[in-house]
Amino acid sequence: MEDAIALQQELEPRVDTRPSLPALRLIGGIHVAYAGDDLIAAVVVLGFPALDVVAGATAAGRTTFPYVPGLLAWRELPTVLAACERLRSQPDVILCDAHGIAHPRRFGLASHLGYCLDVPSIGCARRRLVGEHEPVAAARGSRVGLTHAGAPVGAVVRTRAGVKPVFVSPGFAVSVSDAVDVVLATTLRYRMPEPIRRAQLLANEKKRRTSAASSVTVS
DNA sequence: GCGACAG
DNA sequence: ATCTTGTCGC
């Protein structure tokens with residue numbers, strides 16, 4: 001585990017934040033579902049701005065690392081990458097159900113994923129890991145900066161009026177403002193961005209079909 | 001010593 | 001993340 005932390009610290013300097021994103025055509029989303037020590041990673045690709053699912057893939061894996069705040073990548077990344085390898089299409093940007101640089105060492109799961117795929121990535125988490133921020137106004141689209149150790153690391157964004165805000169941060173090769181723009185552009189009637197939501201649905205679907213198939217084999 | 005702590 | 005029924009609301 002000490003090694004894991006050391007590796008993240010080495011990767012940190014390689015995070016670059018390009019000023020703007022290329023024209024968005026395809027947006028990816030990932031999610032990981034658990035069934036005890038078994039995990040199912042799902043990745044989907046949606047067309048933009050239609051937000052229709054154009055591709056999807058899943059991969060099954062087994063936990064080989066415990067859940068430690070700040071080291072989520074060591075637990076989920078291998079299976080997520082396996083799912084991505086089964087994907088045909090290449091998204092212009094990928095959204096993660098986790099943090100990007102809003103992380104103790106500025107390299108959360110979203111950063112690891114974008115770095116490994118060499119695809120711009122964005123972290124969009126439901127809860128805070130690190131950082132401080134002012135209150136966010138209730139209207140959809142409101143956002144306040146998230147800072148950590150004196151550095152801007154993301155934004156707290158209201159994706160639905162009156163609903164708890166989400167924590168958005170650059171994963172890899174994206175700016176904070178572009179990250180916020182992408183999250184808001186893919187979020188209309190739910191709190192989480194559509195790519196992440198669809199990935200979650202796919203992961204849960206796969207988990208159910210898998211457990212159902214195994215129980216049929218047993219009986 | 002007492003909290004905080006992505007999924 | 002996951003364990004879990006009903007229930008309030010659009």
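Before moving on, here are some points about what is shown:
- Prolate/oblate/rounded call for segment A:118-219, Cα gyration tensor, a/c under 1.5 rounded: prolate
- Compared with the direct C-alpha span, the chain from A:T147 to A:D118 gains 7.9 nm at full extension, assuming 0.36 nm per residue.
- Convex hull volume per residue in cubic angstrom - Cα atoms of segment A:156-196: 65
- Extended-chain gain in nm, criterion 0.36 nm per residue less alpha-carbon gap, A:E2 and A:A50: 12.9 nm
- Excluding exposed DSSP-loop chymotrypsin sites (Phe, Trp or Tyr not before Pro) (at most 14 other C-beta within 10 Å), longest clean stretch of chain A: A:68-189
- Prolate/oblate/rounded call for segment A:1-125, Cα gyration tensor, a/c under 1.5 rounded: oblate
- Accessible surface for segment A:100-212, divided over its residues, is 43 Å² per residue with a 1.4 Å probe.
- Its alpha carbons give chain A an Rg and a Dmax of 16.8, 58 Å.
- Accessible area of segment A:2-213 belonging to carbon and sulfur atoms, whole % at 1.4 Å probe: 52
- Global form of segment A:100-149, assessed from the alpha-carbon gyration tensor, a/c cut-off 1.5: oblate
The values are calculated or read from the model by the stated rules, or taken from the named source; none is laboratory data. Worth saying up front: this structure is predicted, and the values here are computed from it rather than measured. Please note: Cβ atoms are built from the backbone with ideal geometry, for glycine as well, and neighbour counts cover all protein chains shown. Just the protein is used for accessible areas: all its heavy atoms, side chains included, with ligands, DNA and RNA removed. Shrake-Rupley method; radii C 1.70, N 1.55, O 1.52, S 1.80 Å.
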